[in-house]
Amino acid sequence: MHIKRFAAVAAVALLAAPLAAGAEGGWEMGSVAVMPTAAAGSAAVFNRYMSDVSGLNGQFRNAAGVADAVKRAAAYDAQQLQQGMVVYAAFTALQEPSFVASIKEMETRYGRDQMLMLLNRDPTGIINLPGAPQAGALAEAALKAQGEAVLASGKSVKQASYDLQHQAWSKSAILNAPRRLAEAKALARVVQPSDADAALLIKAVSRPQAQDQGWDARISPVVANGLALAARMTLGETLDTPQSLALLRDERSGTCLKMAKLNFHMCLSVAGPNYEDVYCVGQHALLDTGTCVVKAAEGG
């Protein structure tokens with residue numbers, strides 16, 4: 001039986017419980033318990049990075065402030081950030097009670113193994129279920145909000161790269177530029193989330209999000225995969241199974257983030273005065289990366 005045929009039997013009465021940390025180190029996303037695997041942690045890393053760099057506002061006072069911005073902007077691995085977007089979409093989708101309810105109702109009617117078999121065969125078929133439009137809208141809005149916050153920061157920082165040029169310190173040569181570039185490249189690594197990162201993630205995805213009216217037929221692969229992951233988690237599966245891990249990959253957004261990172265490093269390699277480092281941060285670390293996230297959310 002195809003997932004589309006399940007659409008008529010889903011119930012919508014289940015209320016999601018408040019999002020909170022689980023009793024044994026797990027995370028409770030709505031009414032669904034999630035084990036904090038490395039894949040799950042990628043969402044916490046994504047949320048932390050996006051929140052951190054969206055705080056950059058172009059108010060630079062000296063070269064030390066610029067150097068700090070370079071380090072903050074450099075601190076992400078493109079693949080981990082791309083995977084984190086998908087998991088972030090999944091965790092946000094789990095905040096939609098009608099979506100979770102329809103999956104649990106179908107599990108009761110058809111069994112967990114049958115549901116997982118159908119998801120293995122057609123992961124994105126889950127978008128046809130009752131509650132999926134609302135869950136997809138939540139996920140899209142949440143990802144888009146993250147990207148737009150970084151875009152706003154990027155515009156401010158990029159503008160600062162021009163405004164700062166009347167200040168003498170901004171025209172001074174970057175100290176030990178080769179070491180600065182090496183450090184930026186070293187910061188582009190996979191990292192493990194802390195307990196604080198997990199708490200920030202839980203807070204972020206539990207915030208109410210504006211929902212779009214209706215369903216966009218052009219749903220992005222990132223959001224569609226997020227809904228499929230959310231369904232698998234609702235059925236009690238962890239995110240470290242081969243089927244779940246396969247859903248984390250999205251070639252378009254992954255390539256976009258890798259190019260943003262590459263252009264950032266190339267920009268740093270040729271930057272001379274401090275204001276050029278500010279430009280590299282604003283354009284490539286923030287504007288380029290924020291654009292990747294917004295496009296991943298919208299399917300553009």
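Below, the figures for the structure above:
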read-out: Test for G147: is it assigned to a loop (DSSP other than H, G, I, E, B) and either at pLDDT below 95 or within 24 Å of L200 (Cβ to Cβ) (or both); value: no
read-out: All helices (runs of 4 or more DSSP H) inside segment 76-124 with 1 or more residues being over 30 Å from V281 (Cα atoms) and aromatic (F, W, Y); value: 97-110
read-out: Flag if D250 is acidic (D, E), under 14 Å from the mean Cα position of the chain (by Cα) and within 24 Å of M50 (Cβ to Cβ); value: yes
read-out: One residue from A135, A168, A177 being surrounded by 20 or more Cβ atoms within 10 Å (Cβ to Cβ) and of a type in the set (G, A, S); value: A135
read-out: Cβ pairs under 6 Å, 6+ apart, first in segment 286-300 and under 9 Å from L143 (Cβ atoms), second of a type in the set (K, R) and assigned to a helix (DSSP H, G or I); value: V294/K144; A297/K144
read-out: Residue identified as at pLDDT below 95, of a type in the set (A, V, I, L, M, F, W, C) and either assigned to a helix (DSSP H, G or I) or within 30 Å of L119 (Cβ to Cβ) (or both) among L286, L257, L245, L262; value: L245
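The values are calculated or read from the model by the stated rules, or taken from the named source; none is laboratory data. Not measured: the values here are computed from a predicted model. Here Cβ is always computed from backbone atoms with ideal geometry, including for glycine, and neighbour counts include all displayed protein chains.
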